[in-house]
Amino acid sequence: MRLGVLDVGSNTVHLLVVDAHPGARPLPAHSHKATLKLAELLEGDGAISEEGAERLSATVAEALRVSEEKGVEALLPFATSAVREAPNAERVLGRVAQEAGVKLEVLSGTDEARLTFLAARRWFGWSAGRMLVLDIGGGSLEMAYGVDEEPDVAVSLPLGAGRLTAGWLPGDPPDPADVGALRRHVRAEIARVVGDFTRLGPPDRVVATSKTFKQLARVAGGPARGGEGRVLSRTALQERVSGLVAMPAAERAGLPGVSQGRARQLAAGALVAEGVMDLFRVTEAEICPWALREGVLLRRLDRMPTG
């Protein structure tokens, strides 16, 4: 069966087309991505602007057209924090349904964390033991911990790289005073929930997903391990953070693995990654190629009849 997962995030609208059936590993068939940066198209109260709603509707319509061209039998469309937290979310969702013909399911932050954890668990398997999974998106930071496919604790915080860049780091390069203020804010927010995780004991494996962590692993020179993904060490990250935040976005875009579209928000992402790894006492995190989109897909496959 050919399925399409349409992820309306705070940075991009990403359509992932896969060939899949229950009990088998999904095989990627096509990927279509459009940069939207919805987190930067918000009004002062967090509402999605008229321009943002118009661009969102057009971008989703284009993704639907691509999915139909690629023979997708079932589309799984969902939206995350930028839409979820917008005061005018209901009106914007109605507009997208009417103009683009797609009804977006709005995931809660807890669901984001749980589904990302599921994807990481399926990728690394049961031998990974107790896992702590970290994901920095455009609008939020997700953290989940557990020994099964359903985490024992799952938390979402409004600490996404795009959101923080727009709200805290207006300069390019960022003003040192703004950087200091954001660093304190990030750590205060994370510190409030650390105890919910540490009371369960240390993890056997720490896993990081998302584009932000992948880029940071490249920038920090994280090596690949045994043919798997890269590893991001806290020490290597700490050595690079001050330099990263002091750079203008154009200079960051020249670093290995950093795309021009995400270069500006990498400074905020680095501060979040450093904060969460420090406060959780993470020595190193293994980068997982599967994340929320794969989690949504896997959950759908789990619910399909096998006969």
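The values are calculated or read from the model by the stated rules, or taken from the named source; none is laboratory data. Bear in mind that the values here come from a model prediction, so they are computed numbers and not experimental data. Neighbour counts run over all protein chains shown; Cβ positions are idealised from the backbone, glycine included. Note: areas computed on protein heavy atoms with side chains; ligands, DNA, RNA excluded. Shrake-Rupley method; radii C 1.70, N 1.55, O 1.52, S 1.80 Å.
Calculate I(q)/I(0) for segment 1-73 by the Debye formula, one identical point scatterer on each C-alpha and no solvent, and give its log10 at q = 0.24 Å⁻¹ to two decimals.
-0.98
Would you mind computing the Rg to Rh ratio of segment 42-110 from its alpha-carbon coordinates, Kirkwood style for Rh?
Details: Rg = 12.4 Å, Rh = 12.5 Å.
Rg/Rh for segment 42-110 comes to 0.99.
Please report, in whole Å³, the volume per residue of the convex hull around the C-alpha atoms of segment 96-182.
Considering the Cα atoms of segment 96-182, their hull volume per residue is 146 Å³.
What fraction, in whole percent, of alpha-carbon pairs in the chain exceed 24 Å separation?
Cα-Cα pairs in the chain separated by more than 24 Å: 51 percent.
Tally the DSSP beta bridges in the chain and give the antiparallel ones as a percent, rounded to 5.
65
What length, rounded to one decimal in nm, is gained on full extension from E251 through to A188, with 0.36 nm per residue of separation minus their alpha-carbon distance?
Length gained, E251 through A188: 19.7 nm.
What are the ³J(HN,Hα) values, in whole Hz, obtained from phi via the Karplus relation 6.51 cos²θ - 1.76 cosθ + 1.60 with θ = phi - 60°, for each residue of segment 71-78 in sequence order, with x given for Gly and Pro?
x, 5, 7, 9, 9, 10, x, 8
Taking the Cα atoms of segment 1-148 alone, what are Rg (to one decimal) and Dmax (as a whole number) in Å?
16.1, 48
Answer with one residue from A188, G221, L301: the one whose Cα lies farthest towards the positive end of the charge dipole of the chain, charges on Cβ with Lys, Arg +1 and Asp, Glu -1.
Of the options given, the answer is G221.
Using only the alpha-carbon atoms, what does segment 86-242 span along each of its principal axes? Please give whole angstrom values in decreasing order.
48, 41, 33 Å, listed from the longest principal axis down.
How much of the accessible area of segment 107-153, probe 1.4 Å, is carbon plus sulfur, in whole percent?
Reported share for carbon and sulfur atoms: 46 percent.
Find how many whole Å separate the alpha carbon centroid of segment 74-137 from the alpha carbon centroid of segment 203-253.
The distance from the Cα centre of segment 203-253 to that of segment 74-137 comes to 24 Å.
Just subtract the alpha-carbon distance of H21 and A74 from 0.36 nm times their residue separation and send over the number in nm, one decimal.
17.8 nm
Seen from all sides and averaged, what is the projected area of the convex hull of the Cα atoms in segment 266-307, in nm²?
Details: hull surface 18.1 nm².
Average projection, Cα convex hull of segment 266-307: 4.5 nm².
Compute the orientation-averaged projected area for segment 155-307 from the convex hull of its Cα atoms and round it to one decimal in nm².
Average projection, Cα convex hull of segment 155-307: 10.9 nm².
Would you kindly work out the equivalent ellipsoid of segment 177-242 from its C-alpha gyration tensor and give its semi-axes, the square roots of five times the eigenvalues, largest first in whole Å?
Semi-axes (√(5λ), whole Å): 23, 20, 9.
Could you tell me, in Å, what Rg and Dmax come out for the Cα atoms of segment 104-144?
11.0, 35
Using a 10 Å cut-off on Cβ atoms, rank the peptides 154-167, 129-142 from the highest mean neighbour count down.
Order by mean packing, descending: 129-142, 154-167.
Which percent of the accessible heavy-atom area of segment 30-95 goes to carbon and sulfur, probe 1.4 angstrom?
Roughly 46 percent, rounded to a whole number.
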